[in-house]
Structure formats: C-alpha cells, structure tokens
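All remarks here apply to the structure that follows.
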Amino acid sequence: MWRVVRILALVVVAVTIIVIGACSFRIRHYDAALAKVRVGDTEQEALVQLGTPTFRESKGVPYLRYTGKACVSPCAERLWWEWPIAPGIEAWSVEVDVNSKVLKTYHWVSP
C-alpha cells in the first residue's frame, strides 16, 4: 500500500513541476515576443511573434477580464494572448488600426 502512495505522490510532484515549467516557458515566450513587436509593425508581424491570439476585441467592446476601457479610434481591434493556466491573471495585448498596423502593446497583470 505504501508503495502505491509513494508512486502516486511522485506522479503528483512530477506533474506539478511540469505544469509550472510549462507556464514559466509560456510567460517568457510572450514577454520576449511582445518586446519584439514595434509600433508600425503589421498585425501579421505581431502574429508571427506571438502566435494565434486567445481573443480579438472589437472596437468599442472592452475585454472586461483586464480592462474597462474599450479599444477606441484610432484602434480598430485589440488582440489578446492570455496566460494559459489562469486566464484573468496575466495577458499581453496588441492594438491595431484599420490598416492592421500596430499602435500599442501592453502587458496586463491583475493586482
């Protein structure tokens, strides 16, 4: 019986370490990728760096998980990449204009 408990405990510890490591990797990826996105880049260039966004916020409709302020002109759309394990805690966003040019980037962290 103790052998099963030890194996189960080892599996739980291993899975926990893997999940924490994967989250850390993903956060570092988003931080580094967002740092490479510059104002004036195309939306496609931002997507190459960050990958597929978690959510696309349309003009005038705020993504309330992180902000109460909607994307307003000249912003046409705000693209969001969320922390995969706990959405609502941390995210990265890119605002683009009607010509799909980057206007602003931001790293959001919930207090």
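No value in this document is a laboratory result; all are computed from the given coordinates. Note that the structure is a prediction, hence the values are computed from the model and not measured. Because the Cβ atoms are built from the backbone with ideal geometry, glycine has one as well, and the counts that use them run over all protein chains shown.
Contact order for segment 1-77, expressed relative to its length and based on alpha carbon pairs under 8 Å spaced 6+ residues apart, stands at 17 percent. Residue by residue, segment 72-82 carries 3J(HN,Hα) couplings of 10, 3, x, 5, 9, 7, 10, 9, 10, 10, 9 Hz when phi is fed to the Karplus relation 6.51 cos²θ - 1.76 cosθ + 1.60 (θ = phi - 60°); x denotes Gly or Pro. Rounded to the nearest whole Hz, the Karplus-based 3J(HN,Hα) values (6.51 cos²θ - 1.76 cosθ + 1.60, θ = phi - 60°) of segment 46-56 follow the sequence 5, 5, 4, 6, 9, x, 5, x, 6, 8, 10, with x at glycine and proline.
Over the residues of the chain, the helix contribution to mean residue ellipticity at 222 nm works out to -13500 deg cm²/dmol, using -39500 (n - 2.57) for each DSSP H run of at least 4. For Glu77, the amide hydrogen comes within under 5 Å of the amide hydrogens of Val96, counting only partners 5 or more places away or on other chains and with H modelled in the peptide plane.
Against the chain, whose longest principal axis comes from its Cα atoms, helix 2-36 is set at around 20 degrees. Which residues does the label zone of Thr52 cover in segment 60-95, counting backbone N under 19 Å from a point 7 Å along Cα→Cβ? In segment 60-95, the label zone of Thr52 (backbone N under 19 Å from the point 7 Å along Cα→Cβ) covers 78-87, 92-94. Just check segment 45-110 against the gyration tensor rule for me: Cα atoms, a ≥ b ≥ c as the square roots of the eigenvalues, rounded for a/c under 1.5, and otherwise prolate or oblate depending on whether a/b exceeds b/c. It comes out oblate by the Cα gyration axes. Here the gap between Lys104 and Asp31, fully extended at 0.36 nm per residue and compared with their Cα-Cα distance, gives a gain of 24.8 nm. Centre-to-centre, using Cα atoms only, segment 92-111 and segment 19-90 are separated by 7 Å.
Considering all C-alpha pairs of the chain, those separated by over 25 Å amount to 32%. Counting only residues at least eight positions apart within a chain, or on another chain, the lysines with an alpha carbon under 20 Å from that of Lys59 are Lys69, Lys101, Lys104.
Under 5 Å between amide hydrogens, built in the peptide plane, is the criterion, and for Thr67 it picks out nothing among residues at least 5 positions away or on other chains.
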